[in-house]
1. How many residues, within segment 24-59, are out of contact with any Lys or Arg (no Cβ under 9 Å at 6 or more places or on another chain) and acidic (Asp, Glu)?
2. Being of a type in the set (Val, Ile, Thr), in a loop (DSSP other than H, G, I, E, B) and in contact (Cβ under 8 Å) with a residue 12 or more places away in the chain narrows it down to one residue among Val52, Val69, Val33, Val78; which is it?
3. I'd like the full set of residues that are surrounded by fewer than 21 Cβ atoms within 10 Å (Cβ to Cβ) and either touching a Leu at 6+ places or on another chain (Cβ under 6 Å) or outside any loop (DSSP other than H, G, I, E, B) (or both), limited to segment 1-20.
4. Within segment 196-217, track down each residue that is outside any strand (DSSP E or B) and either exposed (fewer than 12 other Cβ atoms within 10 Å of the Cβ) or among the β-branched types (Val, Ile, Thr) (or both).
5. Let me confirm something: among Phe38, Phe58, which residue is farther than 22 Å from His102 by Cβ, at pLDDT below 95 and assigned to a loop (DSSP other than H, G, I, E, B)?
6. Condition test on Phe23, is it in a helix (DSSP H, G or I) and under 25 Å from Tyr271 (Cβ atoms)?
Amino acid sequence: MQMLHVFRNTPHGREELLQTAQFCKTMQASPVVYIPEFTKFLLYLDNDVVQVDLDKTFLRSPGTAREHVEEIMAEMDVDNWRFFVPRHFSTPFLPDVPVGFHFMGCPHTIADLRSKAGAGYIGPRIRRILASAAFPLLLFSPVFKPFTRIAVMFGGKANAATALRLAVRLHRLSGLPISMYTAEEGRRSRKYYEKLLSKNALTGVFAQSVSDWQIFPRKEFVENLYRIPHDALVVMGAYGHGTIRQLLMGSTVEIIQAHLPNNLLIAGPHYRGLA
């Protein structure tokens, strides 16, 4: 498996690459590092062509970028990685990036507003990538935050089954324990979610792989997020009904990414690498 990482030669970029290195070591994947020479590139997804906009921090200090990447990979003891250099361009300043990856890393923001200082500018395109990509996106925590467990958010929509299957796949690759978190909503009690597991043929997988299932009490959802362990990789699914804007805005995913500092791994509706 391979993970695409767009490197920026800044302290924030260092933290992001450290996170990619740890994720790939844990999940037995190979980092593919792209040092951009332009602030835009194209992703040719199965159902869409997405122009990814970067801010100028991604072009900072190009003379030392490769050296810094090599230092970080050596520090993290990662040897199965490589640089990516674009070979094809849609225009002289718009390189094409292939999409045959299994994961992609992005700064920790999916807000429509311009990213805050230090957060990068991939963020506003994340929703568009998630809507069509066959691979999940890793949204980095603000600083390097090694994870030792997996926390899967199991809600009441179609994305719940996708999230659990992805978490189980990661568990099988890494051996890390899985905890599952569910929020009671309306008439949706534990029995409702048990039926959802059965409907998606996940009862056996759940019993074999999930070590702990916590159901949030009926109170403010943001308050319940305090119970998510600080050292957990949070796995979620983004459902694809309506417009791309509706894919995440106002949803549980948007709330979680705004309030939780953990690394987030999000699979969109076209994610195909299920366990």
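1. The qualifying residues number 2.
2. Working: Val52 fails: in a loop (DSSP other than H, G, I, E, B); Val69 fails: in a loop (DSSP other than H, G, I, E, B); Val33 fails: in a loop (DSSP other than H, G, I, E, B).
Going through Val52, Val69, Val33, Val78 in turn, just one is of a type in the set (Val, Ile, Thr), in a loop (DSSP other than H, G, I, E, B) and in contact (Cβ under 8 Å) with a residue 12 or more places away in the chain: Val78.
3. Residues of segment 1-20 that are surrounded by fewer than 21 Cβ atoms within 10 Å (Cβ to Cβ), as a first pass: 1-2, 10-12, 14-15, 18.
Once the filter is applied, which keeps residues that are surrounded by fewer than 21 Cβ atoms within 10 Å (Cβ to Cβ) and either touching a Leu at 6+ places or on another chain (Cβ under 6 Å) or outside any loop (DSSP other than H, G, I, E, B) (or both), segment 1-20 yields Gln2, Pro11, His12, Arg14, Glu15, Leu18.
4. Of all residues in segment 196-217, those outside any strand (DSSP E or B) come to 196-209, 217.
Passing the criteria: Lys199, Ala201, Thr203, Gly204, Val205, Ala207, Gln208, Pro217.
5. Working: Phe58 fails: assigned to a loop (DSSP other than H, G, I, E, B).
Checking each option against the conditions leaves just Phe38.
6. Numbers: in a helix (DSSP H, G or I): yes; under 25 Å from Tyr271 (Cβ atoms): yes.
Considered against the rule, which asks whether it is in a helix (DSSP H, G or I) and under 25 Å from Tyr271 (Cβ atoms), Phe23 comes out as yes.
Quick grid of which residues meet (1) surrounded by fewer than 21 Cβ atoms within 10 Å (Cβ to Cβ); (2) assigned by TED's automatic domain parsing to the domain that holds Ile129; (3) not acidic (Asp, Glu):
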residue	(1), (2), (3)
Cys24	no, yes, yes
Met27	yes, yes, yes
Tyr34	yes, yes, yes
Leu43	no, yes, yes
Gln51	yes, yes, yes
Lys56	yes, yes, yes
His68	yes, yes, yes
Glu71	yes, yes, no
Trp81	no, yes, yes
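Matching residues to (1) of a type in the set (A, V, I, L, M, F, W, C); (2) at pLDDT below 85; (3) touching a helix residue (DSSP H, G or I) at 6+ places or on another chain (Cβ under 8 Å); (4) part of a loop (DSSP other than H, G, I, E, B):
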{"residue": "Ser90", "(1), (2), (3), (4)": "no, no, no, no"}
{"residue": "Pro95", "(1), (2), (3), (4)": "no, no, no, no"}
{"residue": "Gly100", "(1), (2), (3), (4)": "no, no, no, yes"}
{"residue": "Gly105", "(1), (2), (3), (4)": "no, no, yes, no"}
{"residue": "Ala111", "(1), (2), (3), (4)": "yes, yes, yes, yes"}
{"residue": "Lys116", "(1), (2), (3), (4)": "no, yes, no, yes"}
{"residue": "Ala119", "(1), (2), (3), (4)": "yes, yes, yes, yes"}
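The values are calculated or read from the model by the stated rules, or taken from the named source; none is laboratory data. Owing to the predicted nature of the structure, the values given are computational and were not obtained by experimental measurement. Heads up, the Cβs are rebuilt from the backbone with ideal geometry, glycines too, and the neighbour counts pull from every protein chain shown.
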